[in-house]
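First up is the structure itself, then whatever we jot down about it.
The values are calculated or read from the model by the stated rules, or taken from the named source; none is laboratory data. Please read these numbers as outputs of a predicted model, since none were measured by experiment. No Cβ is skipped: glycine too gets one built from the backbone with ideal geometry, and neighbour counts run over all protein chains shown. These accessible areas exclude ligands, DNA and RNA; they are computed on the full protein's heavy atoms, side chains included. Shrake-Rupley method; radii C 1.70, N 1.55, O 1.52, S 1.80 Å.
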Amino acid sequence: VKAIQVGNVYINRNQIGAVVGSQPFGGHGLSGTGPKAGGPLYLEAFLKRTGTKRGAAAEKVALAGPSGERNSYLVTPLGKKVLVLHADSKTRESLSTIAASFGNKVDMVSVVPDDLNDIDAVMTQSADAAEASALRQALCRASNRVIPVITDDAGHVWLQKEKHLCRDMTASGGNVDLLMK
């Protein structure tokens, strides 16, 4: 469960019919469109931020759920590293502070580097859509993979990963941990 890189883990339960508020659901990484519906970060994604807000701590939170289920939710930093890319050094510093406040390791650069192997996302402040598109294309050419580009305040939710774990306790005599050994 700890090693698997997915947003939703269902043990001994079907994967349909998620209960909002107890079983947050949605994509993970590039398969998602933002934070998990029904999770604590969901409403926050629709708000415009006026300042830096620290992300949720990397601790497991128990969620209320149907009888016989144990649901937990975890928010962690994005991954290996966030690359902060901007020509202006003050803007780089400001964006780096935001990315680091979510627990991420940060590298700051003014141009796209040759080596993007350890980079999970690029954070920048883009003047327009054409500039953002050119950056995405340059990143794809340099890495041969899709790297998320965070360009706006609402994008700060992408600086974290969410994981929901749902364990159905009713089948295995109430001890689902027997299934995980």
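Summary table below
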read-out	value
From the options Gly51, Gly17, Gly29, Gly55, residue that is touching a strand residue (DSSP E or B) at 6+ places or on another chain (Cβ under 7 Å), at pLDDT below 75 and of a type outside the set (Val, Ile, Thr)	Gly55
Residues located in the range 112-126, provided they are in contact (Cβ under 8 Å) with a residue 12 or more places away in the chain, farther than 15 Å from Trp158 by Cβ and in contact with a helix residue (DSSP H, G or I) (Cβ under 9 Å, 6 or more places away or on another chain)	Val112, Pro113, Asp114, Leu116, Asn117
Filter result for Lys105 (modelled with pLDDT of 85 or more and under 22 Å from the mean Cα position of the chain (by Cα))	yes
Matching residues in the range 131-181 - criterion: being at pLDDT 80 or above and among the charged types (D, E, K, R)	Glu131, Arg136, Arg141, Arg145, Lys161, Glu162, Lys163, Arg167, Asp168
Residue within the range 116-123 that is outside any strand (DSSP E or B), over 24 Å from Val1 (Cα atoms), modelled with pLDDT of 80 or more and not aliphatic (A, V, I, L, M) present	yes
Residue that is most open to solvent (accessible area, probe 1.4 Å), among those in the range 63-92 that are among the aliphatic types (A, V, I, L, M) and closer than 13 Å to Gln160 by Cα	Leu74
Cβ pairs under 9 Å, 6+ apart, first in the range 8-20 and within 18 Å of Tyr73 (Cβ to Cβ) and free of Cβ contacts under 8 Å to residues at least 12 places away in the same chain, second open to solvent by less than 50 Å² (accessible area, probe 1.4 Å) and in a loop (DSSP other than H, G, I, E, B)	Gly17/Gln23
Residue list for the range 93-106, filter: within 20 Å of Ser143 (Cβ to Cβ), open to solvent by 40 Å² or more (accessible area, probe 1.4 Å) and not in a loop (DSSP other than H, G, I, E, B)	Val106
